[in-house]
Amino acid sequence: MKKFLIILAMMLTLPVFADTMPFYVGSIPEGVIGMYQTDKELTLYSHPEANSQVIKKMDFSYNAETMPDSVFAVLINDKKLGFLYVSDIDEDGWVQVIYDKQTRAKGWVQTVDRMQFLPWLNFYNLYGRKYGLRLMKDAPDDTKVLRAKAEDLSQNVSKLNYIKQIKLTTIRGNWALVSVFDLDKTPKTGYLRWRSNDGVIYAFPNIK
C-alpha cells in the first residue's frame, strides 16, 4: 500500500505537457493554406478590418496547465511557439485563422510582421528543414515509398518500414526530396509525397 501511494504521489507531481501537434491526416482541416504564428495576445475580428466586430480576445501564458484546448494547430509551450491554421488571406496583412479546431470557428487577425503568416511552402522550408518530417500515423501505405522522381509513376527507390528520421532537403510541389534513416541507419534518398493533389497532408514538420 505504501509503495502504491509513493507511485501515485510521483505521478501527481509530474509536469503537465499540453503541447499540440497534428498526428493524423484528418487533424488538418480542408482548405488550409498555411500557418499563423501567435503572439502572447490574440484579437479575432469578424472581417479583415480593424473597425469590425471583435469576435474573441485571448491571452496566452504558455503555461501548459492554463493554455486553452482546441485552439492551436501546433503548440510547444517551452519554446513559447504557437501556430493556428490559416484558411484565407486579405490585403494589408490580414489572415483568417481557425481558432477552434472542433467547431472550425474562424476569425480575422492582422499580422505585425511578414513572418507571422507562413504559406505551406515557407513553413516546410523553415521548420521541415530544421526539424525534419514525420509521416502522419494514418498516412496511406502508398506514401511510405521513396520515388526516383517527383511523380507517382516514377521508379521506387525504397519502401519505408522502420523510419527513425526523415531529413528534408527541398519541397517541389506536392513532393519532398528527403533522406530517410531507418533501423540500419543507412540514408535512403528520394522523393516522398508529403501532400495529395487535393491538399491532404501526409507528412508534417517534426517540430520539437
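The values are calculated or read from the model by the stated rules, or taken from the named source; none is laboratory data. Everything numeric here is computed off the predicted structure, so don't read it as measured data. Counting neighbours? That spans all protein chains shown, and the Cβs are built from the backbone with ideal geometry, glycine included. In case anyone asks, the SASA skips ligands and DNA or RNA and just uses the protein heavy atoms, side chains included. Shrake-Rupley method; radii C 1.70, N 1.55, O 1.52, S 1.80 Å.
Among the trypsin sites (Lys or Arg not before Pro) in the stretch 61-144, those located in a DSSP loop and surrounded by at most 15 other Cβ atoms within 10 Å of their own Cβ are 80, 104, 114, 137.
Evaluated at q = 0.12 Å⁻¹, the base-10 log of the normalised Debye intensity for the stretch 32-133, with identical point scatterers placed on the Cα atoms, takes the values -0.37. Were the residues from residue 131 through residue 81 laid out at 0.36 nm apart, the gain over their Cα-Cα distance would be 16.6 nm.
Over the stretch 141-191, all Cα pairs binned in 10 Å intervals from 0 give whole-percent P(r) values of 28, 59, 13, listed from short to long.
Note on residue 172: accessible area approximately 130 square angstrom, rounded to 10, probe 1.4 Å, nucleic acids and ligands left out.
Solvent exposure of residue 179, expressed as accessible area, is near 20 Å², computed with a probe of 1.4 Å over the protein chains only. According to the Kirkwood relation over distinct C-alpha pairs, the hydrodynamic radius of the chain is 18.9 Å. Positive-end ranking of 43, 127, 73 along the dipole of the chain, with charges on Cβ about the Cα centre, is headed by 127.
Only protein heavy atoms count here; under a 1.4 Å probe, residue 121 has an accessible surface of about 90 Å². Surface exposure of the chain, expressed per residue as accessible area with a 1.4 Å probe, stands at 59 Å².
With θ taken as phi - 60° and the Karplus curve 6.51 cos²θ - 1.76 cosθ + 1.60 applied, the whole-hertz 3J(HN,Hα) list for the stretch 132-144 is x, 10, 9, 6, 4, 4, 10, 4, x, 4, 6, 8, 8 Hz, x standing for glycine and proline.
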